[in-house]
1. List every residue pair whose Cβ atoms sit under 8 Å apart, with the two residues 6 or more apart in sequence or on different chains, where the first one lies in the stretch 34-48 and is exposed (fewer than 11 other Cβ atoms within 10 Å of the Cβ) and the second, anywhere, is of a type outside the set (G, A, S).
2. Considering each of F46, F87 in turn, give the residue that is among the aromatic types (F, W, Y) and out of contact with any strand residue (DSSP E or B) (no Cβ under 8 Å at 6 or more places or on another chain).
3. Of all residues in the stretch 84-110, how many are among the polar types (S, T, N, Q) and more than 18 Å from G41 (Cα to Cα)?
4. Out of all the residues in the stretch 22-69, which are β-branched (V, I, T), over 16 Å from the mean Cα position of the chain (by Cα) and at pLDDT below 95?
5. Based on what the data block shows, is G54 on the phi > 0 side of the Ramachandran plot and touching a Phe, Trp or Tyr at 6+ places or on another chain (Cβ under 8 Å)?
Amino acid sequence: MDMPIRSPKHQVEDLSINEFKRLLPREWVYRVKDNDYGIDGEVEVFDKNNRATGLMFFVQLKATDSIDQKVQTRVQLDNSTINYFAFLELPVLIVRYIEESKTIYFKWSH
């Protein structure tokens, strides 16, 4: 019987979200963004006393299950996405998740 298949791409994307959220301080909030146009989520920062700080940033997650190191260490963004990031009012953190090593790298977009 033919049934739907959950793609490996979707699986590694979900892993990347879970691993990224695991690294955030427990006071912080991660919100998934629907209708992804280069922004996968938003983080709101709370202090150690659980009070809102007013600080927020967007997150672009890029996950890979490749075992090729050249692929693992490279993130490609379209020029339109880079232009979009430049016009946003909040900073964007680009996050690379590598499934093979369960490693996360990140860099601010600017």
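The values are calculated or read from the model by the stated rules, or taken from the named source; none is laboratory data. Quick caveat, the model's predicted, so the values are computed rather than measured. Counting neighbours? That spans all protein chains shown, and the Cβs are built from the backbone with ideal geometry, glycine included.
1. As it stands, the answer is Y37/Y84; K48/E27, since those pairs meet every condition given.
2. Unique residue meeting the criteria: F87.
3. Residues meeting the conditions: 2.
4. I67
5. No; evaluated as a whole, the condition is false for this residue.
One line per residue, one yes/no per condition, for (1) farther than 15 Å from Y37 by Cα; (2) exposed (fewer than 13 other Cβ atoms within 10 Å of the Cβ); (3) not hydrophobic (A, V, I, L, M, F, W, C):
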| position | (1), (2), (3) |
| --- | --- |
| S66 | yes, no, yes |
| R74 | yes, yes, yes |
| N79 | no, yes, yes |
| F85 | no, no, no |
| L88 | no, no, no |
| V95 | yes, no, no |
| S101 | yes, yes, yes |
| Y105 | yes, no, yes |
| W108 | yes, yes, no |
